[in-house]
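The block underneath contains the structure these notes are about, expressed in structure tokens.
Nothing in this text is a laboratory measurement; each read-out follows from the coordinates by a stated rule. Since this is a predicted model, take the numbers as computed values, not measurements. Reconstructed Cβ throughout: ideal geometry from the backbone, glycine too, with neighbour counts over all protein chains shown.
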Amino acid sequence: MRTSYATGLRCIKCGQAYPKKYLLECSVCKGLLELQYDLEGLARIRPCHLEGLNLWRYAPFLPIENSANFVSLGEGMTPLLFCPRLAEVLGLRELYIKFEGTNPTGTLKDRSSATAVSAALEFGYRATAVVSTGNAGSSLAAYSARAGLYSFIFCYEKGAQPKMAHMGACASELVLYKGGYDDLIKIYDRLMEEEPIFECGASRNPYKQEGKKTIAYEIYEQLGERVPDYFISPVAVGETFIATWRGFNEMKAIGWSDKLPTMVAAQARRANPVALALASRGPLVPQRIGYTIAEGVAVGDPGKKGEWVLRILREAKGLAGDASDEEIIEAQGLLAKTEGIWAGPTGCVTVAVLRDLVAKGAIPCEASVVCLVSETGLKGEYPRIEQEAIEPTLETVRRILQKALDLGSDPKAKGP
């Protein structure tokens, strides 16, 4: 079996074809590029032919030719968790959480860092760079260090300290900038066209995007070789949404699946240009955004990829929704209390949006739903728990236990 079935690049706007090389945009129309694959060759592969327990299990569906360039920290094969108690609260029959917090740096960004850094090696680059609000920076810094490449990590100054500490430990150069993602990205994009650095941002690099496509393949296998009725994805620039949509489409094209899920884009209400555009049936209008607790989706101008997401939603009759910071925090607590999944606010945007769409009847209660939760909660900053400490005595602890058991109306709470 070939290592990669990738054949080249194609512009999504004008259709111009290119050989498989490092390009960030079409030289004819400046459109975005997507990788093309030998689908006839891939159709001869079945899940039983795949080997390995990380992202590179899906190497034939990824663009790296030389397996010596595979970079890994053990990413991928994250759990798909059936969540009956959360489903009951939301009013759903069949709900799964695809929890990406178990990746090496605690976020789905590890999938795209793996393919981005591997591509940098394959094309002979010695340095990588990214503009980040936190997770992408810590992930790329870690994978670049793993590969022995020099990394330039630009992170906004309000990033969570645990993520900052991770970046500072792994990055070759950590640069903090004022303002938000949108304030630096255009300057950064221009410089990436001038300097000998492999650009690893979400806005243009097709090789980086491909790693997240493996989420769709994993879900298919974990569901017993089927796809869900609905798939809820966070949207900032839109890379995860686009990549998973590509994965689901490839599986249908090669005969693995006979249907596609309805795609749902989830955004924070303080950074929701895609959701607003879909609701208004108008164009995508860039926003000047302020702070949102879901820092990983704090992008008001998703650019060309935002337009791509909007096109997919309109053509495929998808859904979009947004959630306030308060709703996101409520969803974070609900996910933890009902299923024991501790996710960061960015990861819980999808749960908050799902809750709203089910309540409105936009997603039927009998549907099978996979909700992508993108990050662990262990990398965030939270208010200190203000609670008076007890005296560690036998009677004090006994009183607390007995009071709680007496108050519990559910006999299961009292044990066997």
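Assuming 0.36 nm per residue, please report the length gained on full extension of the stretch residue 337 to residue 191 beyond their Cα-Cα distance.
Values: separation 146, 0.36 × 146 = 52.56 nm, distance 4.58 nm.
Length gained between residue 337 and residue 191: 48.0 nm.
Which FRET efficiency value, to the nearest 0.05, is calculated for residue 30 and residue 249 with the Förster distance at 30 angstrom and r the Cβ-Cβ distance? Show your work: numbers first, answer last.
Details: r = 24 Å, r/R0 = 0.81.
With R0 = 30 Å, the Cβ-Cβ based efficiency is 0.80.
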**Fill in**
Non-local residues with an amide H under 5 Å from the amide H of residue 375, with H modelled 1.01 Å from N and Pro and chain starts lacking one, are 100, 101, 344, 347
**Request:** Report the label-to-label distance for residue 161 and residue 314 in nanometres (one decimal), using points 7 Å from each Cα along the Cα→Cβ vector.
**Result:** 4.6 nm
**Message:** In whole Å, what are the extents of the range 62-111 along the principal axes defined by its C-alpha atoms, from largest to smallest?
**Reply:** 47, 20, 12
**Prompt:** Short version: ³J(HN,Hα) in whole Hz for each residue of the range 8-16, in order, from phi by Karplus 6.51 cos²θ - 1.76 cosθ + 1.60 (θ = phi - 60°), x for Gly and Pro, what are they?
**Reply:** x, 10, 9, 6, 6, 9, 10, x, 4
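From the P(r) of the chain, can you give the percent of Cα pairs sitting at distances over 32 Å? List each step's numbers first, then the result.
Details: 29792 of 86320 pairs.
Result for the distance tail: 35 percent.
In the P(r) worked out for the range 125-195, what percent of Cα pairs fall beyond 16 Å?
On the way: 1030 of 2485 pairs.
That tail contains 41 percent of the Cα-Cα pairs.
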**Complete:** If one builds a Gaussian network model of the chain from Cα atoms under 10 Å apart, the most fluctuating residue listed among 331, 266, 145 is 145
**Spatial separation of Cα centroids for the range 33-111 and the range 320-345, in angstrom** = 23 Å
**Prompt:** Okay, helix-only estimate at 222 nm for the chain: each DSSP H run of n ≥ 4 adds -39500 (n - 2.57), divide by all residues, round to 500 deg cm²/dmol; what do you get?
**Reply:** -11000 deg cm²/dmol
**Item:** the range 286-366: GluC sites (Glu not before Pro) in DSSP coil with no more than 14 other Cβ atoms inside 10 Å
**Value:** 366
**Message:** Cut-off 10 angstrom, C-alpha nodes, Gaussian network model of the chain. Which of 81, 310, 191 fluctuates the most?
**Reply:** 191
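How about the range 177-236: which GluC sites (Glu not before Pro) there lie in a loop by DSSP and see at most 16 other Cβ atoms within 10 Å? Present the calculation step by step, with values, prior to reporting the outcome.
On the way: sites: 193, 194, 199, 210, 218, 221, 225; in loops: 193, 194, 225.
Passing both the DSSP loop test and the Cβ count: 193, 194, 225.
What are the trypsin sites (Lys or Arg not before Pro) within the range 15-122 that DSSP puts in a loop, where the Cβ has at most 14 other Cβ atoms within 10 Å? Mind showing how you got there, number by number?
Working: sites: 20, 21, 30, 44, 57, 85, 93, 98, 109, 111; in loops: 20, 21, 30, 44, 93.
Those that pass, being in a loop and sparsely packed, are 21, 30, 44, 93.
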**Prompt:** Most mobile of 359, 389, 279 per a Gaussian network model of the chain (Cα springs, under 10 Å)?
**Reply:** 389
